[in-house]
Amino acid sequence: MTIRTTTPNLLDNPPIPVQAKLAAAWTSFMFLYIYVDYYHLYKPGAIDDILAGVVFEFDISPALMTAFLALIAIPALMVMLSMTLPARVNRATNLVVASLYIPVTVFNAAGESWDWASFYGLSIGLELLLLAFILRSAWAWPRTPAVPAGSATTDLRQGLRQ
């Protein structure tokens with residue numbers, strides 16, 4: 001009888017930078033956002049309304065299409081901005097944009113019948129969970145401890161300046 005004395009190899013779980021978490025969350029948000037709009041086209045009467053020149057209660061116009069483009073472009077740009085902005089600006093931008101998208105996301109259910117509650121409830125719920133994750137990640141952004149005066153690092157910097 002042999003006794004196994006080795007332990008199984010555990011998978012490494014390195015820390016993920018906040019910027020990568022935010023970019024991944026915005027990417028997931030964008031997939032949901034776009035697919036919810038796409039699947040909405042399968043709703044009976046949606047294509048007829050579009051062909052009649054109406055979306056929701058609004059006449060299709062260049063201004064409406066520009067507003068729709070802006071609503072899609074902002075989260076799409078947040079993917080890139082989350083990876084490239086400096087930490088302080090990045091944190092503030094994510095907090096502001098995610099906060100502003102909460103009412104935008106909830107508005108998607110306005111005027112819908114209860115027959116579609118499961119579709120809109122699930123899609124809006126998932127989008128709100130992602131926005132909450134973005135807000136939490138940005139809010140809890142790790143801080144670098146301040147270097148106290150007279151520390152070895154400060155002394156080293158002063159020695160290099162001389």
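Bear in mind these aren't lab numbers, they're just calculated from the coordinates by the rules spelled out. Bear in mind that the values here come from a model prediction, so they are computed numbers and not experimental data.
For this structure, a couple of remarks:
- Segment 77-148: relative contact order in percent, alpha carbon pairs under 8 Å with at least 6 residues between: 41 percent
- Percent breakdown of C-alpha pair distances by 5 Å bin, ordered from the shortest bin, for segment 1-80: 3, 11, 13, 15, 13, 9, 7, 6, 5, 5, 4, 3, 2, 2, 2, 1
- Three-way shape label, the chain, alpha-carbon gyration tensor, a/c 1.5: oblate
- Stokes-Einstein translational diffusion, segment 72-151 - Kirkwood Rh over all Cα pairs, 0.890 mPa s, 25 °C, in µm²/s: 167 µm²/s
- When you restrict to C-alpha pairs under 8 Å that are six or more residues apart and normalise by the size of the chain, the relative contact order lands at 32 percent.
- Degrees, to the nearest 10: 87-107 long Cα axis against longest axis of the chain: 20 degrees
- Gyration tensor verdict on segment 94-140 (Cα atoms; rounded if a/c is under 1.5, prolate if a/b is larger than b/c, oblate otherwise): oblate
- Against the chain, whose longest principal axis is taken from its Cα atoms, helix 152-161 shows a tilt of about 80°.
- The angle separating the long axis of helix 18-40 from the principal Cα axis of greatest extent in the chain is about 10 degrees.
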